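A.B. asks: Here it is, the structure in full.
The values are calculated or read from the model by the stated rules, or taken from the named source; none is laboratory data. Here the structure is a predicted model, which means the values were calculated and not measured. With ideal geometry, Cβ positions are generated from the backbone for all residues, glycine too; neighbour counts draw on all protein chains shown.
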Amino acid sequence: MKEYLTWFFTKHIKQGWAQMLKVPATLYAIIQAIYATPIIWDEWYYGHMPLWPLIGSYIAIYGFLIGMIYHPISIYKRLKRLGKL
């Protein structure tokens, strides 16, 4: 884990502005998941929203969060497997 974090904050983030935006985007995804989940649940629970938009919004929120976290991990695993680290 220490090797991954060292690689992420030294080599990966400094490759360009698109990689630098991954840190605030990941923080935004975490805050969005914490903040929006109860709001969406309340809308559905009190009858103002059908079930399919509830499922779709959960897929969108948590899919974004998982994607932002998993993408650098998959890059690191691929580079390590290819021996480029």
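A.B. asks: Using the structure shown, decide if residue 60 is surrounded by 11 or more Cβ atoms within 10 Å (Cβ to Cβ) and touching a Leu at 6+ places or on another chain (Cβ under 7 Å).
C.D. replies: No.
A.B. asks: Ok, one more. Kindly indicate whether residue 52 is touching a helix residue (DSSP H, G or I) at 6+ places or on another chain (Cβ under 6 Å) and either assigned to a helix (DSSP H, G or I) or under 14 Å from residue 4 (Cα atoms) (or both).
C.D. replies: Here the answer is no, as residue 52 does not meet what is asked.
A.B. asks: For residue 13, indicate whether it is farther than 30 Å from residue 85 by Cβ and either at pLDDT 95 or above or surrounded by 12 or more Cβ atoms within 10 Å (Cβ to Cβ) (or both).
C.D. replies: No; evaluated as a whole, the condition is false for this residue.
A.B. asks: Applying the selection to the stretch 63-85, what residues are surrounded by fewer than 12 Cβ atoms within 10 Å (Cβ to Cβ) and of a type in the set (Ser, Thr, Tyr)?
C.D. replies: Once the filter is applied, which keeps residues that are surrounded by fewer than 12 Cβ atoms within 10 Å (Cβ to Cβ) and of a type in the set (Ser, Thr, Tyr), the stretch 63-85 yields 70, 74.
A.B. asks: Please determine, by comparing only the residues of the stretch 49-61 that are over 29 Å from residue 9 (Cα atoms) and of a type in the set (A, V, I, L, M, F, W, C), which one is farthest from the chain's Cα centre (by Cα).
C.D. replies: Within the stretch 49-61, the match that is farthest from the chain's Cα centre (by Cα) is 49.
Residue-wise test of (1) over 19 Å from the mean Cα position of the chain (by Cα); (2) part of a helix (DSSP H, G or I); (3) at pLDDT below 95.
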residue	(1), (2), (3)
34	no, yes, no
47	yes, no, yes
63	no, yes, no
73	no, yes, yes
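A.B. asks: Separate question: Given the criteria in a helix (DSSP H, G or I), surrounded by 11 or more Cβ atoms within 10 Å (Cβ to Cβ) and aliphatic (A, V, I, L, M), does residue 39 qualify?
C.D. replies: Taking the combined requirement at face value, the residue does not satisfy it.
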